Amino acid sequence: MLNIRAYFSLLRALYVLMREGVVTALPEEGAPTPVRLAKSIAKFIERRRTKDQKQSENLSRALNRLGPSWVKLGQFLATRPDIVGASIALDLELLQDRMDPFPTDQAKAMVEANTGQTVDDMFVSFGPAIAAASIAQVHRATIRDDNGEREVAVKVIRPGVRTDFNRDLNTFYCAARAVQRLVAVAERLQPVLVVDMLATSAKLEMDLRIEAAGFSEMGENTASDPGFR
């Protein structure tokens, strides 16, 4: 059942990539037969406007349409030009991880559910999101401590992002296994291992305790340095 769902997810992803003009921009020389076939089909599917826009814009729009997991995959593959090619890796480097924020009331509810305290008890103020990415968003808030009131940043994981990522991860594994089985040169690139690395990276990023520990360590290391706060 999971594999069937993953294959449908891959078909949807291929359609979106075709519509946004990503597939037709793939290099022709040395491309395997499935890629050449996809390029031929994509010419009849892609939007007209894609021809007048930069490839990096088309790629960014396609991955954002597919969701946060695909944005993360794109950013990860930007570090692997040996897999996607130098040109595509450069386009992926320009991929902006910016998303529309989810409602502040929903963020407050998540904070309360994870801490067991009310937002009003923990914060003097809790404002709307000032930055939103694919994994989480950040809110400006104010707390009260021994020295009075202090402004802080509160980072909240997107609702359902862990579930969505685990679902999409299964899709990535199906794609990686298929590529490794069907494309002769792919075995050297170890696509399944690449997905393993993405899974580990995303898991660490979604554990905000690790990020908090990193900031605490940075604070301790720079406590005596002038100009750092």
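Observations
- Of residues in the range 1-22 being more than 13 Å from LEU59 (Cβ to Cβ) and aliphatic (A, V, I, L, M), the one most open to solvent (accessible area, probe 1.4 Å): MET1
- Residue in the range 134-154 that is farthest from ASP168 (Cα to Cα), counting only those that are touching a Lys or Arg at 6+ places or on another chain (Cβ under 9 Å) and open to solvent by less than 30 Å² (accessible area, probe 1.4 Å): THR142
- From the options ALA62, ALA78, ALA107, residue that is open to solvent by less than 30 Å² (accessible area, probe 1.4 Å) and either β-branched (Val, Ile, Thr) or without any contact (Cβ under 8 Å) to a residue 40 or more places away in the chain (or both): ALA78
- Evaluation of ALA202 against (1) small (Gly, Ala, Ser); (2) farther than 30 Å from SER9 by Cα; (3) assigned to a helix (DSSP H, G or I) (one fails), failing number: (2)
- Residues that are surrounded by 12 or more Cβ atoms within 10 Å (Cβ to Cβ) and basic (Lys, Arg) within the range 182-213 comprise just one, LYS203.
- Test: residue in the range 88-103 that is out of contact with any Asp or Glu (no Cβ under 6 Å at 6 or more places or on another chain), of a type in the set (Gly, Ala, Ser) and more than 24 Å from TYR173 (Cβ to Cβ): no
- Residue check for ALA133: under 30 Å from PRO34 (Cα atoms) and at pLDDT below 90: no
- Residue within the range 137-159 that is under 30 Å from LEU73 (Cα atoms), in contact with a Ser or Thr (Cβ under 9 Å, 6 or more places away or on another chain) and either without any contact (Cβ under 8 Å) to a residue 12 or more places away in the chain or of a type in the set (Gly, Ala, Ser) (or both) present: no
The values are calculated or read from the model by the stated rules, or taken from the named source; none is laboratory data. Only a predicted model underlies this, so the values are computations on that prediction, with no experimental measurement involved. Virtual Cβ from ideal backbone geometry, glycine too; neighbours counted across all protein chains shown. With ligands, DNA and RNA removed, areas are computed over all heavy atoms of the protein, side chains included. Shrake-Rupley method; radii C 1.70, N 1.55, O 1.52, S 1.80 Å.
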